[in-house]
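Colleague: Please read through the structure below; I'll follow up with questions.
Please treat every number below as a calculation from the coordinates, not as lab data. No experiment lies behind these values; they were computed from the predicted model shown. Cβ atoms come from the backbone with ideal geometry, glycine included; neighbour counts cover every protein chain shown.
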Amino acid sequence: MRIVDVLDKKAIIPDLKSTDKEGVLRELSQPVAELVNVKQDDLMKVLIERERLGSTGIGNGIGIPHGKMKSLKKLALSLGISRHGIDFGSIDGRPTHIFFLLVTPENSTGMHLKLLAHISRMLRNEMFKQKLMKAKDVDEFYKIIDEVDDSI
């Protein structure tokens, strides 16, 4: 599965405004909630509950908040960039800049794990991360992801 096959351009946020974890989750979840027709508050509950288990800030400036929802019919993904970085409780204690938010139907564990692994592999590429940080608009983000998606 390719990221560009599930990442709607409406769910790309080139410049996150929030300065804390909950604010970033709210910004990232808003377009996702609209795209998959769920209440944003319900999605936020799922994401916050997952964060209570342990931060999804995986280090090296990356956060991959994720969760599963019963009422969801299809998976959804959003991408956001925090230019200044925020404290997301990352395992390395450093600010987080690049966020991919993933939400999947509750009964899709295999797909959920596969997509998380795919995103993680992409984000190990330092050049990819640098290009994302320099991208200015939604189309540029989409093009960068499309190019790297083909090489993973």
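Colleague: Mind sorting His118, His97, His84 by how few other Cβ atoms lie within 10 Å of their own Cβ, fewest first?
Modeller: His84, His118, His97
Colleague: Compare the Cα positions of Gly57, Ile144, Gly85 along the charge dipole of the chain (+1 at Cβ of Lys, Arg; -1 at Cβ of Asp, Glu; about the Cα centre) and return the one farthest towards the positive end.
Modeller: The one lying farthest along the dipole's positive direction is Gly57.
Colleague: Sum up the charges of everything whose Cβ sits under 13 Å from the Cβ of Leu113, counting Lys and Arg as +1 and Asp and Glu as -1, but leave Leu113 out. Don't jump to the answer; show the numbers that get you there.
Modeller: Numbers: positive: Lys68, Lys114, Arg121; negative: none.
After counting each charged neighbour, the total is +3.
Colleague: To the nearest 500 deg cm²/dmol, what mean residue ellipticity at 222 nm is calculated for the chain from DSSP H runs of n ≥ 4 alone, each contributing -39,500 (n - 2.57), summed and divided by the residues?
Modeller: Dividing the helical sum by the residues of the chain leaves -14500 deg cm²/dmol.
Colleague: Reachable lysines from Lys134, Cα under 25 Å, same-chain residues fewer than 8 places away excluded?
Modeller: Partners within reach: Lys9, Lys10, Lys17, Lys21, Lys143.
Colleague: Subtracting the Cα-Cα distance from 0.36 nm times the residue separation, let me have the gained length for Leu53 to Asp8 in nm, one decimal.
Modeller: Numbers: separation 45, 0.36 × 45 = 16.20 nm, distance 2.80 nm.
Result: 13.4 nm gained on full extension.
Colleague: Further question on the same structure: What does the extension gain come out to for Met127 and Met1, with contour length at 0.36 nm per residue minus their alpha carbon separation?
Modeller: 43.2 nm
Colleague: Just for the chain, what percent of DSSP beta bridges are antiparallel, to the closest 5? Could you put the intermediate results ahead of the total?
Modeller: Details: 9 of 18 bridges.
Around 50 percent of the beta bridges assigned by DSSP in the chain are antiparallel ones.
Colleague: Further, regarding this structure: In percent, what relative contact order does the chain have, based on Cα pairs under 8 Å that are 6 or more apart in sequence?
Modeller: The value is 28 percent.
Colleague: So, one more: Under a point-charge model restricted to the Cβ atoms of Lys and Arg (+1) and Asp and Glu (-1), what is the dipole moment magnitude of the chain relative to its Cα centre, in debye to the nearest 20?
Modeller: The dipole magnitude comes to about 220 debye.
Colleague: Among Ala76, Ala117, Pro14, which residue has its Cα furthest toward the positive end of the charge dipole of the chain, with +1 on Lys/Arg Cβ and -1 on Asp/Glu Cβ?
Modeller: The Cα lying farthest towards the positive end belongs to Ala117.
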